[in-house]
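Okay, structure first, notes after.
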Amino acid sequence: MPAQDRALDPANSVKVDLQPDSPLSLISMSMGDSRASARGGATVLDLHMSLTLRNAGLRRVRGVTLLITTQEFAPGGKASVARPCIDVAPSQEFTLPVDVRLVRPVQQAGGGPLVRVQIDGVLFDDLSFFGPNKLNSQRAMTFWETEAQRDRSYFKRVLQAKGEKALQSEILLSLTKQAEHGQLDVALSRNGRSAGSVVSSASQRVAQFAFLTMPDAPVQPVQGWAEISGNEARSPEIEVLNKSSKPVRYVEIGWMVKDKDGNDYLAGSVPASSNAMALPPGQKSKLLPDTTLKFSKTGRPVDIQGMTGFVSEVEFSDGKVWVPSREQLKGSPLLRIMAPSPEEQRLADIYANKGLAALIAELNRF
Amino acid sequence: MKHPSESELALFAGNEYGRISRFLLNRHVRECRECTAAVARFEMLRAEMAVAAIPDLDWSRLESEMRANIRLGIEAGECVRLAPEVRSLNPRLAIAFGCLIVLAGTGVFMKNGSVRVERLSSASKAAAGPVLESTGDGLELRSGASSMTLMNHHGAVADQTVSAEGEIRARYVEGGSVTINSAYLE
């Protein structure tokens, strides 16, 4: 309805709120073709923002997470936009897109900014961190950066040991894997609610997790189960043992499901529920998220026939993190099922769009 | 309080009622949270369909392809797809074809009253609490009649990861940079 569309005034609809001591400064904000439309009794806001930020600090920036809050539109949640795997030198600029669609009844309309954008975290090249960390973005960005270092190092080793052809083969393999990577659509809800799904209690059962063991993982899954009903999995529960000599403060178990045709999918992850988790060496703890996940593929429910778990991330109490090595992934069926790391995806994209020479130049930058 | 039926609310949401009926329904909907939510859901459905603009097309060619498919069945359809002139179709034709299928599906949906009421009741139940869902557009967080969708830039195809703790991430690469959108249930 173009007649009802009107250009948004960025100053009124969006507030970018950077802390005074932030290492990033806002250079400009473009609102692109953002629009507000009245559709019957609802207001639809399509915001297509582009934020240009400058590294105003003295260290190189390796990752940024922006917190997006729209309390009037999403009273039960919040969102973030992150840019990992970057290398922004002091005084350099970079641009981050934020695309949000908001829908609400007209009568709820109020004054003031509709969307608030804040920095939740900035990760530097020495893995130090700035920010309020409301979304635990420090941990997420540290994992992404650790994976990035692992994958860059792997591709560099391939280049040095076996040459350009071997690197090309590895990247082509990665691109093929990305193209073939199957994934499920998931709806998440709390306390047993699920989106648009009706299940009978008769079909409910408790299914055990099978576990894939990683020899050098500091944490070992011991046992786990979830309530399964058709395409829904409720309240997964996994017990883990800290095999390492250091206290652990976060564990994440990768979660694969098998459908009735025998296809495996990486369905998601079961993380430690509490931010204050402290798992001493040799002790056990339980991961108990109270959510329901409903799986579908191309609009059809995916009946869950089996579940497999594996340790995907561990954070120690000193802030150091563990992720599976490339060698471990290569020797397990996980490499086929797991999505590549953000950095591997980025490097493959550079190869696909700019060629082998650009990829080698990028690897040599680090 | 007597609530309007689902079909009345659907017609109301689509501006398909007369002035007087609309006025009367409007009074009820304004004061009833449940009906406001139902109307908003109908409007969202309509809005989503309206977003995909139908491009300028060679409708005669599209019509002949559809006729051929209907008449000759799937095998003949395969033959039509293999014909050289069809091979040169541009992506806009596929979008238009998709839109037509959506329109046809919606027609059936709107005609079949019993199915519609059942499905909409289910949707209304789902709207009772916040739900986080990955959609083709991005990550949608719904709560009652309001929603926020964190969209992938320029409709990029994203890899998603789900945390049972209440988070979905959508990751895509564009212009040599990775962007990771996340939405969280509180």
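The values are calculated or read from the model by the stated rules, or taken from the named source; none is laboratory data. Remember, it's a predicted structure, so these values are computed and weren't measured experimentally. Every residue, glycine as well, gets a Cβ built from its backbone with ideal geometry; the counts of neighbours run over all protein chains shown.
The table below lists the values:
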| item | result |
| --- | --- |
| Residue within region A:310-321 that is small (Gly, Ala, Ser) and within 30 Å of A:ARG234 (Cβ to Cβ) present | yes |
| Out of A:ASP349, A:ASP290, A:ASP318, sole residue that is acidic (Asp, Glu) and under 19 Å from the mean Cα position of the chain (by Cα) | A:ASP349 |
| Residue ID - surrounded by the fewest Cβ atoms within 10 Å (Cβ to Cβ), chosen from residues in region B:153-186 that are more than 7 Å from chain A (Cβ to nearest Cβ) and modelled with pLDDT of 80 or more | B:GLY175 |
| Residue tally, condition under 25 Å from A:THR95 (Cβ atoms) and surrounded by fewer than 22 Cβ atoms within 10 Å (Cβ to Cβ), over region B:137-151 | 1 |
| Residues of region A:112-123 classified as within 11 Å of chain B (Cβ to nearest Cβ) and at pLDDT 85 or above, total | 2 |
| Condition met for B:LEU150 (more than 18 Å from the chain's Cα centre (by Cα) and within 7 Å of another protein chain (Cβ to nearest Cβ)) | no |
| Residue in region B:117-124 that is modelled with pLDDT under 85, over 24 Å from A:VAL44 (Cα atoms), part of a helix (DSSP H, G or I) and of a type outside the set (Lys, Arg) present | yes |
| 2 or more residues under 17 Å from A:LEU334 (Cβ atoms) and in contact (Cβ under 8 Å) with a residue 60 or more places away in the chain: qualifying strands (runs of 3 or more DSSP E) within region A:199-246 | A:205-211, A:219-229 |
| Qualifying residue in region A:194-201 (condition: farther than 17 Å from A:ASN353 by Cα and modelled with pLDDT of 80 or more) | no |
| Residue list for region A:232-259, restricted to those being modelled with pLDDT under 90 and over 23 Å from the mean Cα position of the chain (by Cα) | A:ASP259 |
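Matching residues to (1) modelled with pLDDT under 90; (2) more than 7 Å from chain B (Cβ to nearest Cβ); (3) under 22 Å from the mean Cα position of the chain (by Cα); (4) within 21 Å of A:ILE27 (Cα to Cα):
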position: A:ALA74; (1), (2), (3), (4): yes, no, yes, no
position: A:VAL88; (1), (2), (3), (4): no, yes, yes, yes
position: A:ASP99; (1), (2), (3), (4): no, no, yes, yes
position: A:GLY110; (1), (2), (3), (4): yes, yes, no, no
